[in-house]
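Quick notes on the structure that follows.
The values are calculated or read from the model by the stated rules, or taken from the named source; none is laboratory data. From a predicted model like this one, the values you see are computed outputs, not experimental measurements. Cβ atoms come from the backbone with ideal geometry, glycine included; neighbour counts cover every protein chain shown. Ligands, DNA and RNA are excluded from the accessible area calculation, which covers all protein heavy atoms including side chains. Shrake-Rupley method; radii C 1.70, N 1.55, O 1.52, S 1.80 Å.
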Amino acid sequence: MRSTSAALAAVALLFSPPRAVAEPVERAAASLPDRIELTLRSRDRATGQVSSDKLAIDPRQIGVVLVDTWNFHWCLTATQRCGSFAGRFNQALPAVRQLGMQVFWCPTDVADQYAGTPQRETAVAAAREPLPPSLDIPFAAIHCFESNRCMCGPGIKCLANYGWDGMAPALVMEAGDLMPEGTQELYSLAKQRGITHLIYLGFHTNVCTTGKPVGIRPMANAGLRCILARDMTDAISGYDPASRRHPDGNTDEVIAQIENDVPTIHLGDELKKLGLWPTHQLVDPVRITPWGTPQRPYLFEEPILVSLTAPLTEGAQIHYTLDGGSPTLQSPAYDAPLRIEETTQLRAAAFKAGRQVCLESIGSLVRLSPLPPPPDVQLSEIGTLRATSNGFHAFGSDKKPKNDRNYLGSELRLRGRTYTKGVGVHAPSQLLYECRPEYERFVARCGLDESLIADDLGRAAAMYPSVVFRVLIDGQPVAESPLMRFHHEPWRFDVPIPPGSRTISLVTTDGGNGSRHDVANWVDAGFVLNSSAKE
């Protein structure tokens, strides 16, 4: 057994729910069925009428394709929703392997990150089978919803920054699995192994699962029978509670559209019929929308509506807490989107017949303070008592903080905006200033600099930068940001300076995962003067 890269796991586990490990299903080889019967659901394109058909097939003729099960997504809610399927996948995959189905991992953009692994090298080395002429199937258009497709709702939207560089680390890849990249490789492997049908799992249903070169449309046009596992996929779409648009309902809508062209199955139910799906194992967490976590909090300015769902656990009742406590049957029952007005640690679990039936989920929702006034005295215009950056003291080192530039010497940029005044640092960093009697308040905005995504090489690392900004007066902490991630809305400081204060220390620490790419900016940062100094 080989899990995904341990090096990736150290960071990417931050974006996955608690791992639910499937119990091994032990069945003697002689007892494995030569044929299984699947229930396929389809729709009539003209009428929308649903129909069911039975497919009797040797399971060794089936390949199971997992599309783009990445370890990160630029939309934080999309990251969490995709990661929430890890337990379900880990329960299904041992069963389908045992039935004799071939598992294909297809994380498209990042497949070559696995160069040298037997799964990838076997796929690369396979003889190429000539692709047949395309069947040119007239597939129906699939709804892609909002053009930017952030799933966090009407508040502060996530900006595209890419950042994935592997599969979700909670997933388990076995020695006999394969990792093809592109239509040619997947078709060749299927042809050589006598595979005629492909069952699709993964993300996002309306984009990658259907349209990537390993997706449903190209492979169906190559002559393979494609089936979507509707309980193991998720569409990327918007969230608008005011109009009752929710990612769960949007996914259902996309699945219905796909059923006009290819059938779907409920893979969990199919495995349950074969005795290969332990019903007492908790595999699905409650879904939170928007889904910020302590490791990647959702920042908001105006009150937001937060939805809780458990769409794959029929008849479950969700209970939640807003004070960070663990939810129980005595906790408030969820019945409508929650209005969140202040920083909140939300926890939710689902129950049925008196027992917990969903994994508990945590939502970290952090309200930004009002924008501070501009400073009368800019930090970049005064001297420091001490300045360090990237662990180096400024004196005798060129690795020092930069005034009015970022740490790398280019312009200061945060979330698409360029700032002319500020200080660029690299965590870990300290900027120590004298507190003069005329200083009444310290004000600033802070965030991770955008230089990382100036080229394709950098944007592949957008999941890694994370920092916490802290303000200390005379050695005592007085204000702190939450964990700040790439493209977060800049954090805001407006800190009173008590009379008689001697020093103010501005600290930037790494976010607990090392200081890789932790290039950060304090912008529009400095001191507001008291009224007497302004006269």
Those residues of the range 9-56 which are of a type in the set (Val, Ile, Thr), surrounded by fewer than 16 Cβ atoms within 10 Å (Cβ to Cβ) and at pLDDT 50 or above, in sequence order: Thr39, Thr47, Val50
Residue in the range 507-520 that is more than 17 Å from Arg296 (Cβ to Cβ) and either part of a loop (DSSP other than H, G, I, E, B) or open to solvent by less than 10 Å² (accessible area, probe 1.4 Å) (or both) present: yes
Candidate set: the range 184-220, residues that are assigned to a helix (DSSP H, G or I) and either out of contact with any helix residue (DSSP H, G or I) (no Cβ under 9 Å at 6 or more places or on another chain) or open to solvent by 30 Å² or more (accessible area, probe 1.4 Å) (or both); chosen: the one farthest from Gly63 (Cα to Cα): Gly211
Sole residue being under 28 Å from the mean Cα position of the chain (by Cα), of a type in the set (A, V, I, L, M, F, W, C), at pLDDT 95 or above and on the phi < 0 side of the Ramachandran plot, chosen from Leu338, Leu329: Leu338
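Residue-wise test of (1) part of a strand (DSSP E or B); (2) among the acidic types (Asp, Glu).
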residue	(1), (2)
Leu457	no, no
Ala462	no, no
Val467	yes, no
Pro477	yes, no
Glu489	no, yes
Arg492	yes, no
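Matching residues to (1) of a type in the set (Val, Ile, Thr); (2) in contact with a strand residue (DSSP E or B) (Cβ under 6 Å, 6 or more places away or on another chain):
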position: Ala170; (1), (2): no, no
position: Glu174; (1), (2): no, no
position: Leu178; (1), (2): no, yes
position: Thr183; (1), (2): yes, no
position: Leu186; (1), (2): no, no
position: His197; (1), (2): no, yes
position: Tyr200; (1), (2): no, yes
position: Phe203; (1), (2): no, yes
The one condition in (1) surrounded by fewer than 23 Cβ atoms within 10 Å (Cβ to Cβ); (2) outside any strand (DSSP E or B) that Val471 fails to fulfil: (2)
Of all residues in the range 304-325 being under 23 Å from the mean Cα position of the chain (by Cα) and outside any strand (DSSP E or B), the one that is surrounded by the most Cβ atoms within 10 Å (Cβ to Cβ): Ala310
All strands (runs of 3 or more DSSP E) inside the range 351-446 with 2 or more residues being open to solvent by less than 20 Å² (accessible area, probe 1.4 Å): 361-367, 386-389, 412-414, 422-426, 429-434
Pairs, first free of Cβ contacts under 8 Å to residues at least 40 places away in the same chain in the range 32-45, second open to solvent by 100 Å² or more (accessible area, probe 1.4 Å), C-beta under 7 Å, six or more apart: Glu37/Lys54
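Can you tell me which residue among Pro154, Pro169 is assigned to a loop (DSSP other than H, G, I, E, B) and closer than 27 Å to Asn90 by Cβ? First the steps, then the outcome.
Details: Pro154 fails: closer than 27 Å to Asn90 by Cβ.
Checking each option against the conditions leaves just Pro169.
Is it the case that His246 is under 20 Å from the mean Cα position of the chain (by Cα) and either under 17 Å from Pro154 (Cα atoms) or touching a residue at least 12 places away in the same chain (Cβ under 8 Å) (or both)? Even if it seems obvious, please write down each step before you answer.
Values: under 20 Å from the mean Cα position of the chain (by Cα): yes; either under 17 Å from Pro154 (Cα atoms) or touching a residue at least 12 places away in the same chain (Cβ under 8 Å) (or both): yes.
Yes: the conditions hold for His246.
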